[in-house]
1. Among residues belonging to segment 1-14 that are within 23 Å of residue 66 (Cα to Cα) and out of contact with any helix residue (DSSP H, G or I) (no Cβ under 7 Å at 6 or more places or on another chain), point out the one that is surrounded by the most Cβ atoms within 10 Å (Cβ to Cβ).
2. Please find, among 74, 36, the residue that is surrounded by fewer than 20 Cβ atoms within 10 Å (Cβ to Cβ), under 18 Å from residue 10 (Cβ atoms), modelled with pLDDT under 90 and touching a helix residue (DSSP H, G or I) at 6+ places or on another chain (Cβ under 6 Å).
3. Those residues that are closer than 24 Å to residue 61 by Cβ and assigned to a loop (DSSP other than H, G, I, E, B), I need them from segment 2-18; list them, please.
4. What single numbered condition from (1) within 12 Å of the chain's Cα centre (by Cα); (2) at pLDDT 90 or above; (3) surrounded by 16 or more Cβ atoms within 10 Å (Cβ to Cβ) fails to hold for residue 88?
């Protein structure tokens, strides 16, 4: 399967991808491709074209929480008799900022990531941690 799309933006950027059948799996980055609402539209388009939707996550736990909440809201794509579990592409390399900005880090064990259950994105941002990383003149 051919996968891509992490550097494509908005549903308008994906139209040619879907119409030309250029990819079997699209991987928009939820934070870069237009946010939750726009990515839901991209996911709906993927479903209509029979293309699998698998978000790409690069950056902080905030972006990861957004992608997880989006995945939780989607129908299995493409629709089939025996649906496949949703997948998420994420970077697990050492990165001090990624989880530090969350009051409680998102856990992943054995290839599974738990979807946060709190209000909104399900996470609480650690404002003190944000201040430690802010750029100063």
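1. Restricting attention to segment 1-14, the residues satisfying the condition of being within 23 Å of residue 66 (Cα to Cα) are 3-14.
Now restrict to residues that are out of contact with any helix residue (DSSP H, G or I) (no Cβ under 7 Å at 6 or more places or on another chain): 3-4, 6-7, 9, 12-13.
On the way: 3: 15, 4: 15, 6: 17, 7: 12, 9: 15, 12: 12, 13: 15.
Per the stated criteria, the residue is 6.
2. Only one candidate qualifies: 74.
3. Listed by number, the residues that qualify are 5, 6, 7, 8, 9.
4. Answer for residue 88: the failing condition is (2).
The values are calculated or read from the model by the stated rules, or taken from the named source; none is laboratory data. As the structure is a computational prediction, the values presented were derived from the model and not from experiment. With ideal geometry, Cβ positions are generated from the backbone for all residues, glycine too; neighbour counts draw on all protein chains shown.
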